[in-house]
Amino acid sequence: VKNNKIIAEGWHDHLGGLHAEQMAIHDAEENGHNTNGAIAYITLEPCNHFGRTPPCTEALLWAGISKVIIAHGDPNPLVRGNGIAVLEEAGIEVESGLLEKEASLQMREFLHWCENRRPYVTVKVATDSTGSVDDLSSESKRFTSEECLRKVHELRKDCCAILVGANTVIRDDPSLTVRLVQANKQPLRIVIDPNNRIPESSKLLNDGNATRHLTSDFRGLGSL
């Protein structure tokens, strides 16, 4: 932001791609905006280490940013306040905590991983009026609404992987793909099937999308 106007925006699009700060600076340059003296509003504390990209702190210093407003600190052990410290040592004014609650919700998967070293898991369950997920009738049928189905696909779009058991595949032969909303990529499908019971004709094994079939060689979920 410069002279109370947004001159550029950026976001971390994919692993290995430009970080948000770097993309925003690049966006400003491409559109002919001078970033010297601008204020940077950042969701997450900028990194100060070399990884797949150079440090974001260096990019902000190079761009001549005068003030940085951060929503949430980075719990990553490689950062944890170091990014803020470097900026302040360089004479850049730093404020933290703007819309922190909203940022925590937006970044919940990343924050959960940094703090617990475990994937963020969402359990999706549809039950009938008796509390059953399947009445084991001869024919498997969906009993949720179209609106609910769309919500499921919105949830899938934001997931890296979908985990189901063998019975789900045997009963429903699901695709477990994102179809009702736009998605840049399909989630990995994971099937726990220790006795190798799912049919070879299952959609998950034949539609060309990535599936991990955990059979008798499966030893645990620690590697997921």
**Fill in**
Straight-line reach check, LYS157, cutoff 28 Å on alpha carbons, 8 or more apart in-chain or any other chain, hits among lysines -> LYS101, LYS124, LYS141, LYS185, LYS203
**Evaluated at q = 0.21 Å⁻¹: base-10 log I(q)/I(0), Debye formula over Cα of segment 51-162** = -1.22
**Prompt:** Which chymotrypsin sites (Phe, Trp or Tyr not before Pro) does segment 1-83 hold that lie in a coil by DSSP with at most 16 other beta carbons within 10 Å?
**Reply:** TRP11, PHE50
**Cα centre as origin, Lys/Arg/Asp/Glu Cβ charges: the chain dipole, Debye** = 600 debye
**Item:** Crossing angle, helix 20-30 versus the chain [Cα axis fit, 0-90 degrees, rounded to tens]
**Value:** 60 degrees
**Cleavage-rule hits (GluC sites (Glu not before Pro)) in segment 7-97: DSSP loop, at most 16 neighbouring Cβ within 10 angstrom** = GLU9
**Item:** Whole-number accessible area per residue in Å² for the chain, which is evaluated in the context of all protein chains at 1.4 Å
**Value:** 65 Å²
**Prompt:** To the nearest 10 degrees, how steeply does helix 146-157 sit against the main Cα axis of the chain, on a 0 to 90 scale?
**Reply:** 60 degrees
**Asked** With each run of n ≥ 4 DSSP H residues scored as -39500 (n - 2.57), what mean residue ellipticity at 222 nm is computed for the chain after dividing by its residue count and rounding to the nearest 500 deg cm²/dmol?
**Response** -7500 deg cm²/dmol
**Complete:** Projected onto their principal axes, the Cα atoms of the chain stretch, largest extent first, over whole-Å spans of 70, 38, 33
**Item:** Dmax and Rg, reported as Rg then Dmax, of segment 1-63 (C-alpha, Å)
**Value:** 11.2, 33
**Fill in**
Ordered by number, the trypsin sites (Lys or Arg not before Pro) in segment 18-119 that occupy a DSSP loop and have at most 12 other Cβ atoms within 10 Å are ARG52, ARG117
**Request:** Calculate what fraction, in whole %, of the accessible area of segment 1-121 sits on carbon and sulfur atoms when a 1.4 Å probe is rolled over the protein chains.
**Result:** 52 percent
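The values are calculated or read from the model by the stated rules, or taken from the named source; none is laboratory data. These figures come from a predicted structure and were not determined experimentally. Note: ideal-geometry Cβ built from the backbone for every residue, glycine included; neighbour counts use all protein chains shown. Accessible surface is based on the protein model in full, side chains and every heavy atom, while ligands, DNA and RNA are left aside. Shrake-Rupley method; radii C 1.70, N 1.55, O 1.52, S 1.80 Å.
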